[in-house]
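Heads up, the thing below is written out as structure tokens.
Here, each number is a calculation from the coordinates, and none is a lab measurement. Note that the structure is predicted; figures quoted are calculated from it, not measured. Heads up, the Cβs are rebuilt from the backbone with ideal geometry, glycines too, and the neighbour counts pull from every protein chain shown.
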């Protein structure tokens, strides 16, 4: 990154044949962080079954988790347990009633 401090990033990336979009890309969160967040989300959704993703996002933020609503929506819509997923296959209304 020292070259980019002295020269424009566009020029450095062009000379090195490096995609400029990857220069600013952040690493994805580790899988264990994702599973911990999913466990907390399942606990909160179990305590408050009528809450939707917006309220659950606010509750997670109050507990100190750095999440946004899109991530909470993604985590809560996919079943965790494959047995549960097999039972609910094709029954989207049941899934909607569980997760709000």
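Within 10 Å of each residue's Cβ, count the other Cβ atoms and sort 53, 24 from fewest upward.
Details: 53 20, 24 7.
Neighbour counts put them in this order, fewest first: 24, 53.
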(message) Using a 7 Å offset from the Cα along the Cα-to-Cβ direction at both residue 74 and residue 48, what is the distance between the two label points in nm, to one decimal?
(response) 2.3 nm
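Gain in length, residue 33 to residue 55, computed as 0.36 nm per residue apart minus the alpha-carbon separation, to one decimal in nm? Don't skip to the end; give the middle numbers.
On the way: separation 22, 0.36 × 22 = 7.92 nm, distance 2.07 nm.
Full-extension gain reported as 5.8 nm.
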(message) If neighbour count is taken as other Cβ atoms inside 10 Å, put 21, 13 in order from fewest to most.
(response) 21, 13
